[in-house]
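Let me begin by presenting the structure, written as structure tokens, before commenting on it.
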Amino acid sequence: MEETVAEYSVRPTDLPAPPKDAIRIVQACSRPGVDSRELARLVANDPVLTAELLRISNSAYFGLVSQVKSVSRAVTVLGNRALRNLVLCISMRDALRSDAIPGFNIDVYWEDALRRAVSARMLAELARLDPEECFTAGLLQDFGLLVLLYLNPDQVSHWERLAASTPDERRDIEIDLFHATHDEVGLTLATSWDLPPDLAMAMGYHHDAPPEDTEQAMRQLCTVATCADWMASVYRSADKRTAIQQVRSLLAEHFDASAEHSDYLLQQVAESVAEAATAMGMRVGEQVTFDQVLREANLRLAEENLSYQELTWRLEQALGERDRYAAELHRELELAREVQQSLLPNAAQQLPGITGMNLSAKAVSGDFFDYFRIGENRLAFCLADVSGKGMNAALLMAKTASLFRCLGKGVHDPGKLLAMINREISETSVRGMFVTMLAGVVDQASGQVTLANAGHLPALHMGCAALVGEYPAKAPPLGISPDSLFPNDSFELLGGCLYLYTDGLLEARVGDGPRLEHDGLVRVLREQAAVPLQDRPRAITEAVIDPDGVLEDDLTLVIIEGRKLNGLQ
């Protein structure tokens, strides 16, 4: 199964605890040669489970040939596998109390789960699988969603949107809401509860294909679970027409079923849910028939089949509105760009011995640089790159730039300055966003540089014709941990130059050529060393960027030139 969790994971300790007696029975049923008397004894240990097992065994939906009045008789008649499945169904039904999720009507969840269960049971004959096995898989396959709501009760308000979506849409919404999906959580729960492998596979792989070495029967059960998910969505999703078409397509692909046979099975779903609910002791509302579902789908189709003229008129309106929005957005972006550019040193603020350039891949940039005097001979300088692109990165860039200029005028130790900025950013950081940053102070009289690197690319110290030194990061980026420390490096320029840059320069390339990368950058810096300082950023970028090409990433460069060996330049 593809990895879907980037920032959130479910730990076994977070999961609802399974009934211990029930799990003992399930595990015992899976042991070869287990004695029926031992199973009967395990079942009898739990009077509530015993009563439920006998009631369900004698129900019309799961009814046996003759009435079962004792636990030992139930164990003998049902067999290990059927016993295991019934115990699992009861256990999962009771794993979360009705009030376990504040503000959530858990009965509506189980009604949807029953639709999947009865759909899977109907497909058992086509798949040549055990009907009760399929019923159990269908009932359990989306239990991970109930667990996600249990762990994130603040997202209960999104339940109706989740329930009204098709299976694929629902999974995408889960990723947005929880950064996890129900099938992934279901597999974690199945492993934690030590559930049988076949049911664990159905819970974890009814959206993605199971591993290649999976047994054929387990693969078939996963396929049944997939089809059952779409069959249930015919009755619950808002886009019923799409759901019906997908059911017909899936059943034709996997079971060679005709459209008429698919519709017949869908009709049986509505008729079986109430009976299954009674057997399982669950409450369901009045069931919509498949004929009503078809009428609703056809009505929606009729509403969508508007006349060509009306569609054209609506399209013209939409295009006009789009153009108005685009023009307004363009004006807003231009204003944002102007504000952002005002945060960078301009031509009027040029100082001897230092220069910089910023090229944006989009209207606004996540890169920035700055410098200013902090005494007669000393300059404070920085270069930074905010993770991501677009408006979010631009806003964090503006905040970081403002903090540097405001705090940097009073704090002249680069490491301490970065620590202060880091604490400010960490207090209000958006999950997943951070800033890599180089900050330093240069004494232009002596060429002495003090530099701190927070997760950024190494600063390059170039001599007349060769690389003199590199100063890589010794601390994480800003916004990762509020308690990070940022050590300083101290060195003398000795007539050379210090180059600070963002990854947009390393990744630059002309046409279809290779990316510049470290060695290519050192070569270009050496080739452009004789160009006057104020013209050198432009010369370097023009040497590596196709003028007709499109920047893949923001590109920023700062150059600090040391004093000549016989005095200040």
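Look at L54 and say whether it is part of a helix (DSSP H, G or I) and buried (at least 21 other Cβ atoms within 10 Å of the Cβ). Quick ask: steps written out before the conclusion?
Values: part of a helix (DSSP H, G or I): yes; buried (at least 21 other Cβ atoms within 10 Å of the Cβ): no.
For L54, the condition - part of a helix (DSSP H, G or I) and buried (at least 21 other Cβ atoms within 10 Å of the Cβ) - is not met.
For segment 523-541, which positions are of a type in the set (K, R) and without any contact (Cβ under 8 Å) to a residue 12 or more places away in the chain? Before the answer, list the steps.
First, pick out the residues of segment 523-541 that are of a type in the set (K, R): 523, 526, 536, 538.
If the condition is that a residue be of a type in the set (K, R) and without any contact (Cβ under 8 Å) to a residue 12 or more places away in the chain, then R523 is the only one that fits.
For segment 533-569, enumerate the residues that are in contact with a Lys or Arg (Cβ under 7 Å, 6 or more places away or on another chain) and modelled with pLDDT of 85 or more.
I559
Among the listed residues F368, F372, F404, F381, which satisfies the condition of being within 25 Å of G562 (Cα to Cα) and either modelled with pLDDT under 90 or under 27 Å from the mean Cα position of the chain (by Cα) (or both)? I'd like the intermediate steps shown before the answer.
Working: F372 fails: either modelled with pLDDT under 90 or under 27 Å from the mean Cα position of the chain (by Cα) (or both); F404 fails: either modelled with pLDDT under 90 or under 27 Å from the mean Cα position of the chain (by Cα) (or both); F381 fails: either modelled with pLDDT under 90 or under 27 Å from the mean Cα position of the chain (by Cα) (or both).
So the residue among F368, F372, F404, F381 that is within 25 Å of G562 (Cα to Cα) and either modelled with pLDDT under 90 or under 27 Å from the mean Cα position of the chain (by Cα) (or both) is F368.
Could you tell me which numbered condition F104 fails, if it satisfies all but one of (1) assigned by TED's automatic domain parsing to the domain that holds H261; (2) surrounded by 18 or more Cβ atoms within 10 Å (Cβ to Cβ); (3) not in a loop (DSSP other than H, G, I, E, B)?
F104 satisfies all of (1) assigned by TED's automatic domain parsing to the domain that holds H261; (2) surrounded by 18 or more Cβ atoms within 10 Å (Cβ to Cβ); (3) not in a loop (DSSP other than H, G, I, E, B) except (3).
Just one of (1) part of a helix (DSSP H, G or I); (2) more than 21 Å from D194 (Cβ to Cβ) trips up V87, so point out which.
(2)
Which condition from (1) touching a His at 6+ places or on another chain (Cβ under 8 Å); (2) at pLDDT 90 or above is the one that R116 breaks?
(1)
Does L438 meet the test of being part of a strand (DSSP E or B), surrounded by 22 or more Cβ atoms within 10 Å (Cβ to Cβ) and either at pLDDT 95 or above or among the small types (G, A, S) (or both)? Full working, then the answer.
On the way: part of a strand (DSSP E or B): yes; surrounded by 22 or more Cβ atoms within 10 Å (Cβ to Cβ): yes; either at pLDDT 95 or above or among the small types (G, A, S) (or both): yes.
Answer is yes for this residue.
Consider segment 202-237. How many of its residues are of a type in the set (F, W, Y), more than 27 Å from the chain's Cα centre (by Cα) and either outside the structural domain of Q292 (by TED's automatic domain parsing) or not in a helix (DSSP H, G or I) (or both)? Even if it seems obvious, please write down each step before you answer.
Initial filter on segment 202-237 (of a type in the set (F, W, Y)): 205, 230, 235.
Filter once more, keeping what is more than 27 Å from the chain's Cα centre (by Cα): 235.
With either outside the structural domain of Q292 (by TED's automatic domain parsing) or not in a helix (DSSP H, G or I) (or both) added as a condition, the list becomes none.
Residues in segment 202-237 being of a type in the set (F, W, Y), more than 27 Å from the chain's Cα centre (by Cα) and either outside the structural domain of Q292 (by TED's automatic domain parsing) or not in a helix (DSSP H, G or I) (or both): 0 in total.
Select, from L199, L129, L189, L162, the only residue that is not small (G, A, S) and not in a helix (DSSP H, G or I). Working first, answer last.
On the way: L199 fails: not in a helix (DSSP H, G or I); L189 fails: not in a helix (DSSP H, G or I); L162 fails: not in a helix (DSSP H, G or I).
From the options L199, L129, L189, L162, the qualifying one is L129.
Go over the candidates A74, A28 one by one and state the one that is of a type in the set (A, V, I, L, M), at pLDDT 75 or above, not in a loop (DSSP other than H, G, I, E, B) and not assigned by TED's automatic domain parsing to the domain that holds T191.
Every option except A28 fails the conditions.
Which one of S59, S119 is more than 33 Å from the chain's Cα centre (by Cα) and either at negative phi or part of a helix (DSSP H, G or I) (or both)? Before you say what the answer is, go through the steps one by one.
Numbers: S119 fails: more than 33 Å from the chain's Cα centre (by Cα).
Just one listed residue meets the conditions, S59.
Going by the conditions given, is A326 outside the structural domain of K409 (by TED's automatic domain parsing) and either small (G, A, S) or at pLDDT below 80 (or both)? Show your work before the answer.
Working: outside the structural domain of K409 (by TED's automatic domain parsing): yes; either small (G, A, S) or at pLDDT below 80 (or both): yes.
Judged against the criteria, A326 is a match.
Among the listed residues L86, L96, identify the single one that is crowded, with 20+ Cβ neighbours inside 10 Å, touching a Phe, Trp or Tyr at 6+ places or on another chain (Cβ under 8 Å), of a type outside the set (S, T, Y) and within 19 Å of L189 (Cα to Cα).
Matching residue, one of L86, L96: L86.
Filter segment 171-191 down to the residues that are out of contact with any His (no Cβ under 8 Å at 6 or more places or on another chain) and either farther than 17 Å from D112 by Cβ or without any contact (Cβ under 8 Å) to a residue 40 or more places away in the chain (or both) and list them by number.
Within segment 171-191, the subset out of contact with any His (no Cβ under 8 Å at 6 or more places or on another chain) is 172, 175-176, 178-180, 182, 184-191.
D172, I175, D176, F178, H179, A180, E184, L187, T188, L189, A190, T191 - these are the residues of segment 171-191 that are out of contact with any His (no Cβ under 8 Å at 6 or more places or on another chain) and either farther than 17 Å from D112 by Cβ or without any contact (Cβ under 8 Å) to a residue 40 or more places away in the chain (or both).
Tally up the residues in segment 493-517 that are of a type outside the set (G, A, S), closer than 30 Å to H412 by Cα and assigned to a helix (DSSP H, G or I), please.
So in segment 493-517, the residues of a type outside the set (G, A, S) come out as 493-494, 497-503, 505-507, 509-510, 512, 514-517.
Then keep just the ones that are closer than 30 Å to H412 by Cα; that gives 493-494, 497-503, 505-506.
Then drop every residue that is not assigned to a helix (DSSP H, G or I), which leaves 503, 505-506.
Count: 3.
Quick grid of which residues meet (1) in the same structural domain as N358 (by TED's automatic domain parsing); (2) touching a helix residue (DSSP H, G or I) at 6+ places or on another chain (Cβ under 8 Å); (3) over 11 Å from L438 (Cα atoms):
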| position | (1), (2), (3) |
| --- | --- |
| L451 | yes, yes, no |
| A454 | yes, yes, no |
| A459 | yes, no, no |
| E470 | yes, no, yes |
| A473 | yes, no, no |
| P476 | yes, no, yes |
| S490 | yes, no, yes |
| L516 | yes, yes, yes |
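When you scan segment 300-315, do you find a residue that is surrounded by 11 or more Cβ atoms within 10 Å (Cβ to Cβ), of a type in the set (V, I, T), closer than 30 Å to R236 by Cβ and at pLDDT below 85, even just one?
Looking through segment 300-315, none of the residues is surrounded by 11 or more Cβ atoms within 10 Å (Cβ to Cβ), of a type in the set (V, I, T), closer than 30 Å to R236 by Cβ and at pLDDT below 85.
Can you tell me how many residues within segment 408-435 are part of a helix (DSSP H, G or I) and either touching a Phe, Trp or Tyr at 6+ places or on another chain (Cβ under 7 Å) or over 24 Å from F491 (Cβ atoms) (or both)? It would help to see each step written out before you state the result.
Step one: filter segment 408-435 for residues part of a helix (DSSP H, G or I), giving 408, 414-428.
Applying the additional criterion that residues be either touching a Phe, Trp or Tyr at 6+ places or on another chain (Cβ under 7 Å) or over 24 Å from F491 (Cβ atoms) (or both) yields 415, 418-419, 421, 423-428.
Residues meeting the conditions: 10.
Kindly provide the set of residues from segment 213-223 that are out of contact with any Asp or Glu (no Cβ under 6 Å at 6 or more places or on another chain) and under 18 Å from E184 (Cα atoms), ordered by number.
The answer is T214, R219, C222, T223.
The values are calculated or read from the model by the stated rules, or taken from the named source; none is laboratory data. Note that the coordinates shown come from a computational prediction; the quantities given were computed from them, not determined experimentally. Note: ideal-geometry Cβ built from the backbone for every residue, glycine included; neighbour counts use all protein chains shown.
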